[in-house]
1. Among the candidates B:178, B:106, single out the residue that is open to solvent by less than 30 Å² (accessible area, probe 1.4 Å) and under 20 Å from the mean Cα position of the chain (by Cα).
2. Could you identify the single residue in B:75, B:47 that is modelled with pLDDT of 75 or more, within 11 Å of another protein chain (Cβ to nearest Cβ) and either crowded, with 16+ Cβ neighbours inside 10 Å or in a strand (DSSP E or B) (or both)?
3. Conditions: (1) away from chain A (no Cβ under 14 Å); (2) open to solvent by less than 50 Å² (accessible area, probe 1.4 Å); (3) in contact with a strand residue (DSSP E or B) (Cβ under 7 Å, 6 or more places away or on another chain). Residue B:253 meets all but one. Number of the miss?
4. Which residue out of A:84, A:98, A:93 is away from chain B (no Cβ under 11 Å), among the hydroxyl-bearing types (Ser, Thr, Tyr), more than 26 Å from residue B:165 (Cα to Cα) and in a strand (DSSP E or B)?
5. Residue B:120 - would you say it is within 26 Å of residue B:56 (Cβ to Cβ) and touching a residue at least 40 places away in the same chain (Cβ under 8 Å)?
6. Considering only the range A:94-130, state which residues are open to solvent by less than 50 Å² (accessible area, probe 1.4 Å) and within 12 Å of residue A:38 (Cα to Cα).
7. What residue, of B:145, B:123, B:155, is surrounded by fewer than 21 Cβ atoms within 10 Å (Cβ to Cβ) and within 14 Å of chain A (Cβ to nearest Cβ)?
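The values are calculated or read from the model by the stated rules, or taken from the named source; none is laboratory data. Since this is a predicted model, take the numbers as computed values, not measurements. A quick note on method: Cβ atoms are made from the backbone with ideal geometry, for glycine too, and the neighbour counts reach across all protein chains shown. Just so you know, the surface numbers come from the protein's heavy atoms only, side chains and all, with ligands and any DNA or RNA stripped out. Shrake-Rupley method; radii C 1.70, N 1.55, O 1.52, S 1.80 Å.
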Amino acid sequence: MNMSLVAARSASVLSAAVLVLFLALPASGHVTPERAEPAVGATLHGPPKRVRIWFDAPLDGSSELKVVSADGERVDRGDVRVDSADPRVLEVSLEDLSPGVYRVIWIAVSRDGHRTKGDYTFTVRKGRRP
Amino acid sequence: MKKRVAASVCMTGGALLIALLVTVPALAHGVVGKRFFPSALATEDPFVSDELSLLAGTRKEEGEGVEGTVVSTEFSVEYSKRITPSLALSVATAYRFVDAGGGGTADGWDNLEVGFKYQFLASASHETVVSVGLETSIGNTGDRSVGAEEFTVLSPAFFLGKGFGDLPASFRFLRPLALTSALELEIPTRGGGGAAHSGGEGTEHEGEERHPLVAAYGFTVQYSLSYLQSFVRDLGLVRPLNRMILLVEFPLETALNRGSAGDTAGSVNPGVVWVGRRLQLGVELEVPLVGRRTGDVGVLVLVHFLIDDIFPRSLGRPLIR
């Protein structure tokens, strides 16, 4: 049999085996956000009551979440928690927000200790409360 | 030649010792601040990590010393291991198939490559990472029939990555942009002389070989849809788009002396990378830009395992913490 063909097939089989092996391992590593409420960059006609962020893997209870105003003043109630029903969700409730731009700042800690951090903004305009 | 190799080994050892003693804060795999720098396919990335890369590529080019087109297909593997949070060693090799048409075929291993990379600067607020490194292609460890050289090539290198997440809000849709660059000086330990061989069974061409110094430089322009979704504006992108990074690479090299000064070859490689929790997948076209025939478009495919995420408590941790 042609040696090049043998080598190519062997490489393909080995690569496929390695890929299956790694994909079969339990999930671990850094978590990343999938969606949020309020959504990233959203403009709301009325203040939200809470911020919720869905991540792609379960979170550790040491994860952090806070919301600050444009002046840097904290506007959440400090009751950050991982949703007991869905450990991928991190949430915090909010004080009554005036119209303005707010920044959500989070640190997500995965179950194996990896830390990921990020932030995003949303805007509140005058309107009916949701 | 022996003195040059010995001097290089001493410099490498000294640099490694210094790097072991001085560390910067550890980064997650390719993450600085909110920015994730993916492993590109043709340009070395600027961060240190525990990773395993499998890269396959095929290209057509005009044969040197043989008539017609030479088709090369290569499967390469590279493993990188962090010694400290800022210092990594790597080893790489490749298996190459060369089809020179009328000039015959050949297949075999390329020379073994070992290297180190030291990450000495990382700024989360400016999404910047800077590294230096040294790679050694060890001569006579591969098959001459596929172009592996008899002599060693030393390549000191400089790497830079910069994300644009620090742009003002009025430019927020440019924040997902990032640039990376790599600059290497390839120093052959043999300047010239000896018989030349070209790929293909039964084909030999004798003549003086010249091995110039080569400046290899490349950069990537990246736009992260993941960054856009997570930190700028949720546009409702669904899987797998929300984990993709669009990129264009420009790998180039220019000979600097020995009768080839100014000879430049390079390509423009548009492609896309998908980043999962354990691995990264990438595909690019390799479109000749200079020094090759424009119609000879190649393809690169990457499977990249994030070892520090797959084995965070064992194989994926630095040896010295």
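1. B:178
2. B:75
3. (2)
4. Residue meeting the stated conditions: A:93.
5. no
6. A:94, A:102, A:104, A:120, A:121, A:122, A:123, A:124 - these are the residues of the range A:94-130 that are open to solvent by less than 50 Å² (accessible area, probe 1.4 Å) and within 12 Å of residue A:38 (Cα to Cα).
7. Result: B:145 is the single residue among B:145, B:123, B:155 that is surrounded by fewer than 21 Cβ atoms within 10 Å (Cβ to Cβ) and within 14 Å of chain A (Cβ to nearest Cβ).
Yes or no, residue by residue, for (1) within 14 Å of chain A (Cβ to nearest Cβ); (2) free of Cβ contacts under 8 Å to residues at least 60 places away in the same chain; (3) among the acidic types (Asp, Glu); (4) in contact with a Ser or Thr (Cβ under 6 Å, 6 or more places away or on another chain):
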| residue | (1), (2), (3), (4) |
| --- | --- |
| B:217 | no, yes, no, no |
| B:221 | no, yes, no, no |
| B:225 | yes, yes, no, no |
| B:234 | yes, yes, yes, no |
| B:238 | yes, yes, no, no |
| B:245 | yes, no, no, yes |
| B:259 | no, yes, no, no |
